[in-house]
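Read the structure below first, then the notes.
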Amino acid sequence: RGGLAERLCRLQNRERSAISFWRHQCISDDKSPSDKSGVLIVKILEIFEECTIQVAICQQLEQSHATLSPEDAVINAEEPILKVLFTRETAAHLKSRPQDVIHIYPPWQKLLLQNADVPVIMNTYFSQKVLLSEHSEAREKTYGLTKMLIRKNIISLAQTFRLDDLDDKSHKESSDNQVPCAPQTHNNGDPKQHPSALSAINDSLLEMVESQGAVGWREVQVRVVIQRVYGLPAREGYRSHTHGSKPLLSNGGMFCRLCLLVQDAYGMFSEVQLQSLSSTDDIEQYCRRWEGKSCCLAGMKILQRTTRGRALGLFSLIDSLWPPVVPVKVPGQSQDSEMMTTNLPPPSFCYILTVQSGEIHVEVDEEEQISNLYQPPAVYGLKEILRNDGCNERCSFWAQVLYRRLQSKHSVPVDQREMLLFVTDSTLQNVVHGIPKVVAVSVTASCVLSMEIIEALSAGSQLVFFKDALWGNGRIICVERTVLLLQKPLLCSAADADLSELTGPVRLDELDSTTQANSICALRGTVVGVNESTAFSWPTCNRCGNGKLELCPQDRELLYCNQCSEVVTTPVLKMQLEVFLSCPSRSQSTVKVKVWHEITLFVLLTMPLFPQTYEVQSVLGKEVGLLNCYVHSVTSHPNCIALEEIVLL
């Protein structure tokens, strides 16, 4: 606070306000300001661009010539030649062309350079183009619909600082350096109508942002490498941009848009938010087609400049890709191989880019080889991840999903609840002690899951590749920018991990003193009590498992299944019992388990068809083998553990 940067910012804001107010006055008065004292009147002879500044070679006109139209203002060789500098914003406002007459109001300044005959006019913010005839106005309307190519002088840093390794080619000007003067009217944003509009290709995101401004760039392209492809939940207002296509839904049922994390040759990152995804455009396809490839961006605009403190999730992903695998360029230095270094601090800011409305222009060369700058996800075994002491670090692993459970927080809508996936791999199954055999992975509502993943997890146990999950404080969390895939990417670094597939049955940790809530375990013990008040039973179809059976219309003594459209002759009676167990591993605790019990009954010809009660004595004292359970809660006062019997996928 109070530093030079803040003072400069206030000064720039006051400057912009003063310019906007002055222009508004000119428009409202519908004429030039009446006070002509100190006004510099020039006629433009030539225009070119250098270092983002528009340079106009002008002839100074006397006040007597100011009333003439540009066509009648004859150039007098005796009148001085001036070099007038216009900022990007002023040039965009004036839309000047050769032969235009410009009035420059105070406080302009004249700079006399040594060894130069032509004075330089600066501080030209208060400038106005003069249209003095109907012919001039008609010409202006005609020119406003067309682009004007201006010469752009590319001044390299090597030339500016007179470095020894200056390439002579950098002095030469090429027609490729001519770009359209902006901003102008675009014909539906089609770059094909203006082949030269996308001719200049840069390799620096920062230079593009600084030179093109926050409103976006159309004239130039920037070449980057796609490090990651993922989906992000789209904002509510973004639904109008889906163009009628059915969007892909995230875990929370939100609209989703395709995003790219790109990196330039200088190591700088940007997140590019593209179009909404349709149900047929799977993230997995974009990952396999685009990741690691180079692409050219055009038609972008800055959505936000974010920092590490504002976007921890984004920068945790960026940190996992830092330092670069190959040396990167250093701004302002000679780009010899010995000057290119990786000893750079991690990025502290990142630009969020989005496409101009209706002007998506991302060219990905899918046939090109994988870039050397690309860093594929480093895949580790779950045992190595759990032993890592890091906090909020990205990790990638390949695991078998054994069980999934929706977190039942009644205060949160169903479509915004977290989901727990209990996973394991060979590194955990082969461990003896000290590390759990099964790990819970929390999938937040902001993590985009493709319908393919959701349907696969509903069908049964799956091998899933978790890419860029977040590890910290003893938890693995799938958050924004985490991608779940059914197939492992073609390029991934194994990092000496044991990625062998599981062989044999999966083992769970048995209930003991280290068991925590929201985990799964195996349980054995003896039934010592039954909570009769919560016990109930119901018949189900022995073919499809339908639990809503009805009495048969033809024979009221039989049951009928609407799903199978058949009479159920051997229904399965399902019972829910809440039993209390005595467990050797937790002898001091009350172990309460909600169990599901199935009994096959033969239909009797007498009513009632199914017994609604059962003898408690037949259950007491029974030994319970290894029962797979989900742990609801673990309390110390009273010392109680609440579990529920589950069926693994």
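Listing for the model above:
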item	result
Subset of region 543-585 that is open to solvent by 30 Å² or more (accessible area, probe 1.4 Å) and closer than 30 Å to residue 516 by Cα - its residue that is modelled with the lowest pLDDT	574
Among residues of region 91-102, those that are surrounded by 19 or more Cβ atoms within 10 Å (Cβ to Cβ) and outside any loop (DSSP other than H, G, I, E, B), counted	3
Any hit, region 466-482, residues being modelled with pLDDT under 90 and in contact with a Pro (Cβ under 8 Å, 6 or more places away or on another chain)	no
Enumeration of residues in region 1-19 that are farther than 21 Å from residue 88 by Cα and either open to solvent by 90 Å² or more (accessible area, probe 1.4 Å) or touching a strand residue (DSSP E or B) at 6+ places or on another chain (Cβ under 8 Å) (or both)	1, 4, 7
Residue among 258, 303 that alone is modelled with pLDDT of 85 or more and open to solvent by less than 10 Å² (accessible area, probe 1.4 Å)	258
Lone qualifier among 75, 27, 44 - being among the aliphatic types (A, V, I, L, M) and modelled with pLDDT of 85 or more	44
Among residues of region 103-125, those that are open to solvent by 70 Å² or more (accessible area, probe 1.4 Å), at pLDDT 90 or above and part of a loop (DSSP other than H, G, I, E, B), counted	2
Lone qualifier among 517, 522, 497, 535 - being at pLDDT 90 or above, of a type in the set (A, V, I, L, M) and in contact with an Asp or Glu (Cβ under 8 Å, 6 or more places away or on another chain)	522
Residues (of a type in the set (Val, Ile, Thr) and at pLDDT 90 or above) located in region 428-443	438, 439, 441, 443
Criterion violated by residue 165 - all others in (1) modelled with pLDDT of 55 or more; (2) of a type in the set (Asp, Glu); (3) open to solvent by less than 80 Å² (accessible area, probe 1.4 Å); (4) in a loop (DSSP other than H, G, I, E, B) satisfied	(1)
Residues located in region 1-24, provided they are of a type in the set (A, V, I, L, M, F, W, C) and under 18 Å from residue 86 (Cα atoms)	18, 19, 22
Pair list, Cβ under 7 Å, 6 or more apart: region 617-637 residue outside the structural domain of residue 589 (by the TED database), other residue assigned to a strand (DSSP E or B) and open to solvent by 60 Å² or more (accessible area, probe 1.4 Å)	none
Unique match (being open to solvent by 60 Å² or more (accessible area, probe 1.4 Å), closer than 28 Å to residue 291 by Cβ and modelled with pLDDT under 85) among 458, 450, 408	458
Single residue of region 370-390 satisfying the filter (farther than 30 Å from residue 329 by Cα and not in a loop (DSSP other than H, G, I, E, B)) that is most open to solvent (accessible area, probe 1.4 Å)	387
Conditions (1) open to solvent by 40 Å² or more (accessible area, probe 1.4 Å); (2) in a loop (DSSP other than H, G, I, E, B): number failed by residue 538	(2)
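The values are calculated or read from the model by the stated rules, or taken from the named source; none is laboratory data. These figures come from a predicted structure and were not determined experimentally. All Cβ positions, even for glycine, are placed from backbone atoms using ideal geometry, and neighbour counts span all protein chains on display. These accessible areas exclude ligands, DNA and RNA; they are computed on the full protein's heavy atoms, side chains included. Shrake-Rupley method; radii C 1.70, N 1.55, O 1.52, S 1.80 Å.
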